[in-house]
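Enquirer: Sharing a structure with you now.
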Amino acid sequence: MIEAGSPLDGVDVLLADLDGVLYAAADPIPYAVDAVNAAVADGVRVGYITNNAARIDARVAEQLRGFGLDVAPRDVVTSPQAAVDLLRDVVPPGARILVVGGEGITHELELAGYRTTSSAEDRPAAVLQGFHPSVGWEQLAEASFAIRGLDIPWIATNQDWTIPHSRGVAPGNGTLVAAVHTATGRMPIIAGKPERAIFDTAIERLGARRPLVVGDRLDTDVLGANRAGIPGALVLTGIDGPKQLVAAAPEERPAYILDDLRELFTPYPMPRVEDGVVRVRDAAIRLDGHRIEVLAGGTRHTDLVRAACAVIWGSGLAIYAFEVPEAVYTPPRAA
């Protein structure tokens, strides 16, 4: 068996997504809190990265402390914080900024020395837009009037199309940004994942030299890590699973695929090829033309997924060129 070091080897800062990595709804994900606390005990600093623009860092930290994590507000990096960093590059502090959103944005703007308004008639110097449940037509209209009428910078905290909710899936900030785009014909500068600004903010604040990003979504966490030049680990406790992994575009492929956060500490198994058979530990597959044949499922389903990804990603072909057995996608049921 060929094994590399563990994903955390040499890492000084772990940049962790929240929902789907540390908790799901109101409950911590199994093993996640213990794993993060173990990383901290080993001298790894942890930054908590969120696209959520509705809450200030202190409230996020309070929630995480409730799960048993030792978190200070400074450890939390939010998309409004990254947006304000971008804003400083185009508009100096002291200027008036039109806000579409809530406390998560106004709090960071005021900390940075900006004044805020909700009206285009105040002739703001820029628009900063982020999600808040209270956002409605009036705020979106004022943003549109300001962006189109004054030709000013427009920064959005993130462009997530959906957000998780206790009742299901709800429209996210991307839908609200799209409404303003439709009215103005312009697109904003994006601060949050998958753009690199939020990672740049985190790296600078936490003094990271060898960071690792861990997330549960390929199109935000992993894509953002790759754009920022940081290794990314996808943990299979949230949104994306085997089907999304084998179909991942090159820019969305993680360096590590983890079953849960305990695997941050264990040697990472590397695929090996022998006589046309790809093996990851005791999982084995063979490529027969464009058909993937499972020879051995292995004792860990994630190893089978890693082997399938090695074959498909290494081929340079798109997923639709392959016949992938259902066994790759579906973990065996416990007896």
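Enquirer: Cβ contacts < 9 Å: first residue touching a residue at least 60 places away in the same chain (Cβ under 8 Å), restricted to segment 133-159; second residue of a type in the set (Ser, Thr, Tyr), any location; separation 6+ or different chain. Result?
Expert: Every condition considered, the pairs that remain are ALA156/SER79; THR157/THR78; THR157/SER79; ASN158/SER79; ASN158/THR220.
Enquirer: From (1) crowded, with 20+ Cβ neighbours inside 10 Å; (2) free of Cβ contacts under 8 Å to residues at least 24 places away in the same chain, pick out the condition that doesn't hold for ILE285.
Expert: The number of the failed condition is (2).
Enquirer: Also, quick follow-up: Does any residue in segment 92-108 that is in contact (Cβ under 8 Å) with a residue 60 or more places away in the chain come within less than 6 Å, Cβ to Cβ, of a residue that is part of a helix (DSSP H, G or I) and surrounded by fewer than 24 Cβ atoms within 10 Å (Cβ to Cβ) six or more places away or on a different chain, and which pairs are these?
Expert: VAL100/GLN139
Enquirer: A further question on this structure: Within segment 135-158, how many residues turn out to be under 17 Å from ASN51 (Cα atoms) and surrounded by fewer than 23 Cβ atoms within 10 Å (Cβ to Cβ)?
Expert: 1
Enquirer: Now for a separate question. Looking at (1) closer than 19 Å to ALA197 by Cα; (2) out of contact with any Ser or Thr (no Cβ under 8 Å at 6 or more places or on another chain), find the lone condition where ASN158 falls short.
Expert: In the conditions (1) closer than 19 Å to ALA197 by Cα; (2) out of contact with any Ser or Thr (no Cβ under 8 Å at 6 or more places or on another chain), ASN158 misses (2) alone.
Enquirer: Is segment 302-325 home to any residue that is closer than 30 Å to VAL36 by Cβ, part of a loop (DSSP other than H, G, I, E, B) and either charged (D, E, K, R) or in contact with an Asp or Glu (Cβ under 7 Å, 6 or more places away or on another chain) (or both)? Show your work before the answer.
Expert: Initially, segment 302-325 is screened for residues closer than 30 Å to VAL36 by Cβ, giving 302-310, 313.
Applying the additional criterion that residues be part of a loop (DSSP other than H, G, I, E, B) yields none.
Looking through segment 302-325, none of the residues is closer than 30 Å to VAL36 by Cβ, part of a loop (DSSP other than H, G, I, E, B) and either charged (D, E, K, R) or in contact with an Asp or Glu (Cβ under 7 Å, 6 or more places away or on another chain) (or both).
Enquirer: Tell me, which helices (runs of 4 or more DSSP H) wholly within segment 1-119 include 1 or more residues that are of a type in the set (Asp, Glu), farther than 30 Å from GLU138 by Cβ and not assigned by TED's automatic domain parsing to the domain that holds LEU218? Working first, answer last.
Expert: Working: elements: 32-41, 57-66, 79-88, 103-111.
Helices (runs of 4 or more DSSP H) meeting the threshold: 57-66.
Enquirer: Continuing with the same structure: Could you identify the single residue in VAL180, VAL213 that is touching a strand residue (DSSP E or B) at 6+ places or on another chain (Cβ under 6 Å) and not in a loop (DSSP other than H, G, I, E, B)?
Expert: So the residue among VAL180, VAL213 that is touching a strand residue (DSSP E or B) at 6+ places or on another chain (Cβ under 6 Å) and not in a loop (DSSP other than H, G, I, E, B) is VAL213.
Enquirer: May I ask you to list the residues in segment 195-210 that are part of a loop (DSSP other than H, G, I, E, B) and buried (at least 21 other Cβ atoms within 10 Å of the Cβ)? Please lay out each step first, then the result.
Expert: Initial filter on segment 195-210 (part of a loop (DSSP other than H, G, I, E, B)): 195-196, 207-210.
Selection gives GLU195 alone.
Enquirer: Could you grab me the full set of residues in segment 99-115 that are buried (at least 16 other Cβ atoms within 10 Å of the Cβ) and more than 27 Å from the chain's Cα centre (by Cα)?
Expert: TYR114
Enquirer: Continuing with this model, one more query. Take segment 236-277 and flag every residue that is touching a residue at least 12 places away in the same chain (Cβ under 8 Å), part of a strand (DSSP E or B) and not hydrophobic (A, V, I, L, M, F, W, C). Step through it out loud before you land on a result.
Expert: If we filter segment 236-277 for residues that are touching a residue at least 12 places away in the same chain (Cβ under 8 Å), which is where we start, we get 236-248, 250-272, 277.
Checking which are part of a strand (DSSP E or B) leaves us with 256-258, 269, 272, 277.
Answer for segment 236-277, where residues must be touching a residue at least 12 places away in the same chain (Cβ under 8 Å), part of a strand (DSSP E or B) and not hydrophobic (A, V, I, L, M, F, W, C): TYR256, PRO269, ARG272.
The values are calculated or read from the model by the stated rules, or taken from the named source; none is laboratory data. Bear in mind that the values here come from a model prediction, so they are computed numbers and not experimental data. Using ideal geometry, Cβ is built from the backbone for each residue, glycine included, and neighbour counts are taken over all protein chains shown.
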